[in-house]
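Visitor: Take this structure, written in structure tokens, and hold onto it; I'll ask about it next.
Every number here is computed from the coordinates shown, using simple stated rules; none is lab data. The structure presented is a predicted model; accordingly, all values stated were derived computationally and were not measured. Cβ: placed from backbone, ideal geometry, glycine included. Neighbour counts: every protein chain shown.
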Amino acid sequence: MTYDEFLQKLSNPARNALLHEKIDSFDKLASLTEKQVLAIHGVGPKSLPTMKDALNQNNRTFNQ
């Protein structure tokens, strides 16, 4: 899965929030903890499973 394909699976608010924060790659997303991601305005807990799945498919996980 490409990052663009991943973004299409997110809600508009979550997608826009990530792009606003310049999180434009799986590496940047994986550098954050789940808590940091949830602190971004526009990203809610319903987005986490989609994010985790996309990171797992690309051999990455959220930072601990």
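Visitor: In the range 1-13, which residues are within 14 Å of A54 (Cα to Cα) and in a helix (DSSP H, G or I)?
Guide: First, the residues of the range 1-13 that are within 14 Å of A54 (Cα to Cα): 1-10.
Across the range 1-13, the qualifying residues are Y3, D4, E5, F6, L7, Q8, K9.
Visitor: Still on this model: Which ones in the range 24-52 are over 10 Å from the mean Cα position of the chain (by Cα), under 17 Å from S11 (Cβ atoms) and not aliphatic (A, V, I, L, M)?
Guide: If the condition is that a residue be over 10 Å from the mean Cα position of the chain (by Cα), under 17 Å from S11 (Cβ atoms) and not aliphatic (A, V, I, L, M), then H41, G42, G44, P45, K46 are the ones that fit.
Visitor: Look at the range 4-56 and say how many of its residues are touching a Lys or Arg at 6+ places or on another chain (Cβ under 6 Å) and touching a residue at least 24 places away in the same chain (Cβ under 8 Å).
Guide: Step one: list which residues in the range 4-56 are touching a Lys or Arg at 6+ places or on another chain (Cβ under 6 Å), which gives 7, 26, 30, 50.
Now drop any that are not touching a residue at least 24 places away in the same chain (Cβ under 8 Å), which leaves 26, 30, 50.
Total meeting the criteria: 3.
Visitor: So which residues in the range 24-64 are part of a helix (DSSP H, G or I) and either among the polar types (S, T, N, Q) or in contact with a Ser or Thr (Cβ under 6 Å, 6 or more places away or on another chain) (or both), if there are any at all? Break it down into steps so the answer makes sense when it comes.
Guide: First pass over the range 24-64, keeping only residues part of a helix (DSSP H, G or I): 26-30, 34-38, 45-57.
Correct list: Q36, S47, T50, L55, N56, Q57.
Visitor: Let me ask something additional. What are the residues in the range 2-11 that are surrounded by 14 or more Cβ atoms within 10 Å (Cβ to Cβ) and under 16 Å from Q57 (Cα atoms), if any? Spell out how you get there, then give the answer.
Guide: Of all residues in the range 2-11, those surrounded by 14 or more Cβ atoms within 10 Å (Cβ to Cβ) come to 3, 6-7, 9-11.
Once the filter is applied, which keeps residues that are surrounded by 14 or more Cβ atoms within 10 Å (Cβ to Cβ) and under 16 Å from Q57 (Cα atoms), the range 2-11 yields Y3, F6, L7, K9, L10.
Visitor: Sticking with this one: Which members of the range 14-23 meet the condition of being outside any helix (DSSP H, G or I) and closer than 17 Å to K52 by Cα? Don't jump to the end; show me each part of the working.
Guide: Pass one, the range 14-23, residues outside any helix (DSSP H, G or I): 21-23.
If the condition is that a residue be outside any helix (DSSP H, G or I) and closer than 17 Å to K52 by Cα, then I23 is the only one that fits.
Visitor: Are any residues in the range 12-43 surrounded by 13 or more Cβ atoms within 10 Å (Cβ to Cβ), small (G, A, S) and more than 19 Å from Q57 (Cβ to Cβ), and if so, which ones?
Guide: Result: A17, G42.
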